[in-house]
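Notes follow once the structure below has been shown.
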Amino acid sequence: MKTKTKTVLAIISACLLQTIQANNYVWIHGLTDDETCWTVYQQAFTASNGVRVGYSSEQSISQAASRTWNNSNGKLADFNAHDGDNNYKLSSKNDMILICHSMGGLVARDLQYQFGNEKGSNNAPKIKGIITLGTPHEGAQIENSLSGGPFKNLVMKLITGLITSTSLSIASGGGVLANTISSAVMPTVATGIKAGVTEVGSYLLLSCFLSNTDLGYKQCDKDMQVGSPYMKTIATRRVTVPMLCFAAEEDRWQLARLGTCSVKGTNLRTDANVNTSGNIDKSGYLLWQSVQLGSYMGGAVHTGFAVYFFATGFTNPFNFYLSGLHGLAAASWFTTANYMNNGIDFDHAALVGATHVETIAENHRFLWRKWTTYKNITVPEPHDGVVPVKSQYMATNKGTDVIIPNATIKGVNHVEEFNHPNTNVVFKQEIISGGYRPKVFMN
């Protein structure tokens, strides 16, 4: 009888221990977001075991961490429906896996630094592991750009090109031109140019809005700037729990794709079916492609008329003037098109700090003499539209168990990282299958 009793008690104890050790998933949002951003993934993977916490983006990262730990954000919380609810008080939980996006990953690192020594009822550290997605572990250069002016310069460069090209087109489209252009060509050119100016307008307006908000100036923005006192401070700290860093990587014309997802951001965060194809941002790509093609078209047409008016200028000297205007318009449209084809992605990469300098050797020869010179060139790197891939990975020497996946999440920008099928794959691999650290992230 005693043996049976001991066996039953052992089974009950084992079950209780398993319950205690079950992971508590805590979802931590990023800058200017709120807890609703995790709706899709929290329901998909941890519906019965997990909380989505909210904190204010009006405070420092360290303040956000300490107030989230104690659920003491009060009116500061971006989403404070659970203010005062003990279920959202992290200090009362065991075996927490912190799942974080963007700045939320820095909040998690601060949580682990401040409270990593606190142990739960199972005598294990309350924070068991951290998963980050798109977190600027090495700082976010875009924060420096927002507060320092480069972001506005990028926007104005494109606006200036479009305005100049359009103005020159109008200036060269006088009565003589109107009577010369065939009825078949003019509508096509007008449509292309109009599409270029109109369709890019929404992104320029979005960019102007972002560059004129208080982004880059609040304390948490300042904390995330590359080279800030805060980033220098956390560089000296070691994370003492398993740390899994996911990095996303966007395709070309990231600014357009990012703009599309920003406009549709609310749906991306709450509707699991809104981006099942992973192409919600493709419309931005197609719009900018039409801008580029429209600009090339405008350049080609103006080139044709520049040649025509130059050839007829010997009989009508005024046509030399028209030829010059068309030549300027052609050059302006080609410059705009080439910038969109080759320049804007590079400038965007530089804006977010996704570049590095390489030294290349050039061999020269003149007659019998040979020599080599060296020059530095700036090379763009992958990024998710906001954070460079290299910054999304925490240096392995800053933790006792830093896990870097074998590949980035392709074709995903910073805004759609919450709801993209490619992100879905890696989350399933980790949270469902426990692929990287069995018995740690999935238990």
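Of all residues in the range 254-280, exactly one satisfies the criterion of being hydrophobic (A, V, I, L, M, F, W, C), more than 12 Å from HIS414 (Cα to Cα) and touching a His at 6+ places or on another chain (Cβ under 9 Å), namely ILE280. Among the residues making up the range 409-439, those that are assigned to a loop (DSSP other than H, G, I, E, B) and either surrounded by 21 or more Cβ atoms within 10 Å (Cβ to Cβ) or touching a Cys at 6+ places or on another chain (Cβ under 8 Å) (or both) are VAL412, ASN413, GLU417, PHE418, ASN419, HIS420.
Would it be correct to say that LEU244 is within 25 Å of ASN342 (Cα to Cα), at pLDDT 80 or above and crowded, with 18+ Cβ neighbours inside 10 Å? No, not satisfied.
Residues that are among the small types (Gly, Ala, Ser) and under 24 Å from LEU162 (Cβ atoms) within the range 297-331 comprise GLY298, GLY299, ALA300, GLY304, ALA306, SER323, GLY324, GLY327, ALA329, ALA330, ALA331, listed in sequence order. Restricting THR372, THR423 to residues that are without any contact (Cβ under 8 Å) to a residue 12 or more places away in the chain and touching a strand residue (DSSP E or B) at 6+ places or on another chain (Cβ under 7 Å) narrows the list to THR372. Selection of the range 401-438 for residues being of a type in the set (S, T, N, Q) and either at pLDDT 90 or above or in contact with a His (Cβ under 9 Å, 6 or more places away or on another chain) (or both) yields THR408, ASN413.
All conditions but one from (1) assigned to a helix (DSSP H, G or I); (2) small (Gly, Ala, Ser); (3) surrounded by fewer than 20 Cβ atoms within 10 Å (Cβ to Cβ); (4) touching a residue at least 24 places away in the same chain (Cβ under 8 Å) apply to ALA330; the one that does not is (3). With respect to the conditions (1) closer than 30 Å to LYS439 by Cα; (2) touching a residue at least 60 places away in the same chain (Cβ under 8 Å), THR236 lacks only one, and its number is (2).
Taken over the range 393-408, the residue count meeting the criterion of being under 16 Å from GLY105 (Cβ atoms), in a loop (DSSP other than H, G, I, E, B) and of a type in the set (A, V, I, L, M, F, W, C) is 3.
Just to be sure before I move on: is THR303 β-branched (Val, Ile, Thr), touching a residue at least 24 places away in the same chain (Cβ under 8 Å), farther than 30 Å from TYR436 by Cβ and not assigned by TED's automatic domain parsing to the domain that holds THR166 in the structure I sent? So THR303 fails the test. Of the residues in the range 379-388, at least one is of a type in the set (D, E, K, R) and farther than 25 Å from VAL107 by Cα.
Filtered by the rule that a residue be of a type outside the set (S, T, N, Q) and surrounded by 18 or more Cβ atoms within 10 Å (Cβ to Cβ), the range 117-137 gives GLY120, PRO125, LYS126, ILE127, LYS128, GLY129, ILE130, ILE131, LEU133, GLY134, PRO136, HIS137. Only one of the numbered conditions (1) of a type outside the set (A, V, I, L, M, F, W, C); (2) farther than 30 Å from GLN254 by Cα; (3) modelled with pLDDT of 80 or more is not met by LYS75, and that is (3).
The values are calculated or read from the model by the stated rules, or taken from the named source; none is laboratory data. Since we're looking at a predicted model, the values are computed, not measured. As a convention, Cβ positions derive from the backbone with ideal geometry for all residues, glycine included, and neighbour counts pool all protein chains shown.
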